[in-house]
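Notes follow the structure.
A short reminder: the numbers here are calculations on the coordinates, not readings from a lab. All of these numbers come straight from a predicted model, not from anything done at the bench. Neighbour counts are summed over all protein chains in view; Cβ atoms, including those assigned to glycine, are modelled from backbone coordinates with ideal geometry.
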């Protein structure tokens, strides 16, 4: 397979999935057995985006890659997509985790109910929340990806969440 064609396949996969993908998964989706070829095509694609004057870039996080909007344009997409990717119940579960972090999963379940298990699973799969074993439960925290996703600095997060809680009158959750 010509490297240019593989590069475009990698681009198509990253665009379609819209989430972080490992080199192995990219190879599988592009039907290429050589991880080296996939990595080479990805590096070429990354350089293409760096040299283009556009709003997109290839981001890397823990050995996984994603086609994303450059940070300086994140505010536009957050405004346009607010609420459409994360439903309201999942967003509320995420807000509790971000506000109380580190917080035990059992405490979140106590506040949000059993459906929060599904929310937490979704948030972990999308790398917005991390979990580590703590006894018979898990300790939950937001990830750096959370701050990038919402285009917010860690130091501002609690204040903004507190403000949103007060505006929406959902203090009873906290």
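Observations on the model:
- Label point 7 Å beyond Cα of residue 124 along Cβ direction - residues of the stretch 19-63 with amide nitrogen under 19 Å: 20-22, 62
- Whole-angstrom gap from the stretch 105-126 to the stretch 1-41, using each part's C-alpha centre: 32
- Extension gain for residue 107 to residue 62 (0.36 nm times residue separation, less C-alpha to C-alpha distance): 13.4 nm.
- Projected over every direction and averaged, the convex hull enclosing the alpha-carbon atoms of the stretch 3-71 yields 4.2 nm².
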